[in-house]
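FYI, it's all coordinate maths here, none of it is from the lab. This one's a predicted model, so the numbers in the text were calculated from it and none came from an experiment. Counting neighbours? That spans all protein chains shown, and the Cβs are built from the backbone with ideal geometry, glycine included.
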């Protein structure tokens, strides 16, 4: 087909089939703008690939199949995003519930008890020197991982490893007191 014939065929398809294609896409996406965009993408895909699609006998059918696949891709992405959003919401709800529960169970006088302070010191003392030093630089001196890496001569990955190691030890050693320990740690190292 020459360019003039291609343009005439494309204009005919656009004029006579575009609205049908949009209705088709809308029936699955339930969003007008999305349906219009998917139809436009399908038409553009055909137009850009028309030279290699010379053997296609029924161009509107070909575009409809392309549109169907684009609708499927869109719906699968939507399902994935909804699943991610649902999981995030569930995680956020869980975290919020944990914070509420922890705050309700928190007794500030307990945080300042000699027992908790001793447990904290013992947990920090159990850490290897380098891990404790890196943890203190991060959490109490507010230094970034790259700054700590530069000061200690370690890689950022090594700093991340030491922080992770320290947090795991603290979680294990202080699991019964975790709700308010972040406050205590901050208070303990600033005073």
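Return 50, 23 ranked ascending by Cβ neighbour count within 10 Å, so the fewest neighbours appear first.
Values: 50 16, 23 11.
By the 10 Å Cβ count, ascending, the order reads 23, 50.
With R₀ fixed at 22 Å, the C-beta to C-beta distance from residue 117 to residue 164 puts the FRET efficiency at about 0.35.
Compute the label zone of residue 84 within region 6-31: residues whose backbone N is under 18 Å from the point 7 Å along Cα-to-Cβ. No residue passes the distance filter. Label sites at residue 53 and residue 16, each approximated as a point 7 angstrom past Cα along Cα to Cβ, lie 1.7 nm apart. Once both labels are positioned 7 Å from their Cα atoms along Cα-to-Cβ, the gap between residue 61 and residue 9 label points is 1.4 nm.
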